[in-house]
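> My questions all concern the structure below.
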Amino acid sequence: MIQANPIVNQTLDHPILEEKGVELAIKRLDLIHPLISGNKFFKLKYNLEEAVNKGYKSILTFGGAYSNHIQASAAATKLFGLNSIGLIRGEETLPLNPTLDFAQSQGMKIEYVNRADYRRKNETEFLDELKKKYPNCFIIPEGGTNSLAIQGTAEILEDGDKDYSDIILSIGTGGTFTGILKSLQPNQKALGISSLKGSFINKEISELLEKNQILTNGEWEINTAYHFGGYAKYNQVLIDFIWEFYESFGIVLDPIYTGKMMFGIWDLIKKDQFLKGSKVLAIHTGGPQGNFGFYERTNIKLPLLSE
Ligand SMILES: Cc1ncc(COP(=O)(O)O)c(C=O)c1O
């Protein structure tokens, strides 16, 4: 069990919110732990407990070279006294980028998987090959999404959150959103803002709900209008928004997940998509470490880098 910082819901104060009659708070999961930020804390906790309880000495997981999941898994496994192997999509590039450099500093063994093999990451045959190659490893899927992760993310909403009318969060693989749906109240609506292009995510969420036998109480919807061209794509409007948000509220967003979510929320508020009197809770799912890798890739500075 890793010690968590208390979670705060920070209510934002802004003339637009006043004008539109919308209350907006942000659940600061980014502050839950210095190394295991945001949704990763919840996604990993039951996975790592299970690995320890079942006597595994090592975990094996997957991710892209800048993955928040890889960064957090490396830190969390170290705190649980486990070894870790990170299978990274693509070719080795040296020197290591900030995410992989950190992961390695936590003891994670970094291995590379070519893109064709990486696409097989959820196939039974491929997983069986991995089990032979890396015996006695507890395997956690890409992005950490599995049933144990959903059990964890179902704990993100707390008793004090029952009065919020709308719960909004970013979607990648959908594991965090599915956990939120498990704990949603009948009077609440969950809105997921997808970081990926395409509406395939609706089907994936329905499958995750079915597989985990979750009957959600409230309503849910996924908005696919704020992907900015697709996963990890961005433009200057998004970059400017992340800076403006930081200057207004002192909250660091990233360009892959939380920046797109918050841009979407702000846009929907401006377009009167929330009823007057709505109480909106946005979940900050963490991931600021990505801003270092983003700078390395693009030479664009985002909050965290100027400090
Ligand atoms: C910071 C951040 N927010 C949101 C997400 C999306 O979470 P999920 O993959 O559970 O949909 C991720 C990816 O896991 C992430 O790293």
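> Determine the calculated [θ] at 222 nm for the chain from helices alone, applying -39500 (n - 2.57) to every DSSP H run no shorter than 4 residues and normalising by the residue count; nearest 500 deg cm²/dmol.
The per-residue figure over the chain is -11000 deg cm²/dmol.
> Which residue, Lys271, Lys45, Lys260, has the most motion in a Gaussian network model of the chain that connects Cα atoms within less than 10 Å?
Between Lys271, Lys45, Lys260, it is Lys271 that shows the largest mean-square fluctuation.
> Follow-up. Using a basic spin-label model with each label point 7 Å from the Cα along Cα→Cβ, how many nm lie between Lys233 and Ser248?
It is 2.5 nm.
> Continuing with this model, one more query. Springs between alpha-carbon pairs under 10 angstrom, Gaussian network model over the chain: which of Lys132, Lys78, Lys182 fluctuates most?
Lys132
> Let me ask something else. Size of the stretch 94-238 along its principal axes in angstrom, Cα-based, largest extent first?
48, 41, 29
> State which entries of Lys54/Lys182; Lys182/Lys203; Lys54/Lys132; Lys43/Lys271; Lys40/Lys211; Lys43/Lys260 exceed 23 angstrom in Cα-Cα distance in the structure shown.
Beyond 23 Å: Lys54/Lys182; Lys43/Lys271.
> Ok, one more. Across every pair of different alpha-carbon atoms, what Kirkwood hydrodynamic radius in Å does the chain reach?
The answer is 19.8 Å.
> What does the charge dipole of the stretch 134-256 about its Cα centre add up to, to the nearest 20 debye, if the Cβ of each Lys and Arg holds +1 and the Cβ of each Asp and Glu holds -1?
Dipole magnitude for the stretch 134-256 comes out near 440 debye.
> Rounded, prolate or oblate: which fits the stretch 40-101 when a ≥ b ≥ c are the square roots of the eigenvalues of the alpha-carbon gyration tensor, with rounded for a/c under 1.5 and prolate only if a/b beats b/c?
Cα axes put the stretch 40-101 in the prolate bin.
> Pick out, in residue order, every one of the chymotrypsin sites (Phe, Trp or Tyr not before Pro) in the stretch 154-233 that is DSSP loop and has at most 16 other C-beta atoms within 10 Å; say none if there are none.
Values: sites: Tyr164, Phe177, Phe200, Trp220, Tyr226, Phe228, Tyr231; in loops: Tyr164, Tyr226, Phe228, Tyr231.
Qualifying residues, ordered by number: Tyr231.
> Right, another one. Just to confirm a number: summing +1 for Lys and Arg and -1 for Asp and Glu over residues other than Leu130 whose beta-carbon lies under 12 angstrom from that of Leu130, what do you get? Present the calculation step by step, with values, prior to reporting the outcome.
Values: positive: Arg120, Lys121, Lys131, Lys132, Lys133; negative: Glu111, Asp117, Glu123, Glu125, Asp128, Glu129.
Net of charged neighbours comes to -1.
> Here's another thing I want to ask about it. In the chain, carbon and sulfur make up what percent of the accessible area (probe 1.4 Å)?
The computed percentage sits at 49.
> Here is a follow-up. For Glu221, what charge total do you get from the other residues with a beta carbon under 12 Å from its beta carbon, if Lys and Arg give +1 and Asp and Glu give -1?
Cβ neighbours under 12 Å give a net charge of -1.
> Let me ask something else about it. With a 1.4 Å probe and all protein chains kept in place, how do Leu130, Leu79, Leu275 rank by accessible area, largest first?
Leu275, Leu79, Leu130
> Simple spin-label model, 7 Å along Cα-to-Cβ: Leu79 to Lys203 in nm?
Inter-label distance under the simple model: 3.7 nm.
> Also: Please find the FRET efficiency linking Arg119 to Leu275, where r is the Cβ-Cβ separation and R0 is fixed at 41 Å, and quote it to the nearest 0.05.
0.45
> Right, here's the next one. Which of the aspartates and glutamates could a cross-linker span from Lys270 if the Cα-Cα distance has to be under 12 Å and same-chain partners fewer than 8 positions apart are dropped?
Here the aspartates and glutamates satisfying the reach criterion relative to Lys270 are Glu18, Glu19.
> With a probe of 1.4 Å, find how much accessible area the stretch 1-77 has per residue, and write the answer as a whole number in Å².
So the stretch 1-77 comes to 39 Å² accessible per residue, rounded to a whole number.
> I've got another one for you. So what's the gap between the Cα centers of the stretch 88-139 and the stretch 151-169, to the nearest angstrom?
33
> A further question on this structure: If you build a Gaussian network model of the chain, linking Cα atoms that sit under 10 Å apart, which residue out of Gly286, Gly55, Gly38 swings the most?
Gly55
> On a full-extension model of 0.36 nm per residue, what is the gain between Asp159 and Gln185, subtracting their alpha-carbon distance, rounded to one decimal in nm?
Taking 0.36 nm per residue and subtracting the Cα distance, the gain is 8.3 nm.
> Shifting gears a bit: Determine the dipole magnitude for the chain: charges of +1 sit on the beta-carbon of Lys and Arg, -1 on that of Asp and Glu, nothing else is charged, the reference point is the Cα centre, and the result goes in debye to the nearest 20.
Working: 32 positive and 36 negative charges, 153 e Å.
Charge dipole of the chain: 740 debye, to the nearest 20.
> Please compute the net charge surrounding Ile167, taking Lys and Arg as +1 and Asp and Glu as -1 over other residues with Cβ under 15 Å from its Cβ.
Working: positive: Lys27, Arg28, Lys162, Lys182, Lys189, Lys279; negative: Glu23, Glu155, Glu158, Asp159, Asp161, Asp163, Asp166, Glu219, Glu221.
Surrounding charge for Ile167 is -3.
> Dipole of the chain (Lys/Arg Cβ +1, Asp/Glu Cβ -1, origin at the Cα centre): which of Pro186, Val22, Thr11 lies farthest to the positive side?
Comparing the listed Cα positions along the dipole, Pro186 ranks first.
> Starting from the Cα gyration tensor of the stretch 193-299, multiply each eigenvalue by 5, take the square root, and state the resulting semi-axes largest first in whole Å.
25, 19, 13
> Another one. Cα gyration tensor of the stretch 39-144, axes a ≥ b ≥ c as square roots of the eigenvalues: rounded (a/c below 1.5), prolate (a/b > b/c) or oblate?
Oblate.
The values are calculated or read from the model by the stated rules, or taken from the named source; none is laboratory data. Computed from a predicted structure; not experimentally measured. Counting neighbours? That spans all protein chains shown, and the Cβs are built from the backbone with ideal geometry, glycine included. Accessible surface is based on the protein model in full, side chains and every heavy atom, while ligands, DNA and RNA are left aside. Shrake-Rupley method; radii C 1.70, N 1.55, O 1.52, S 1.80 Å.
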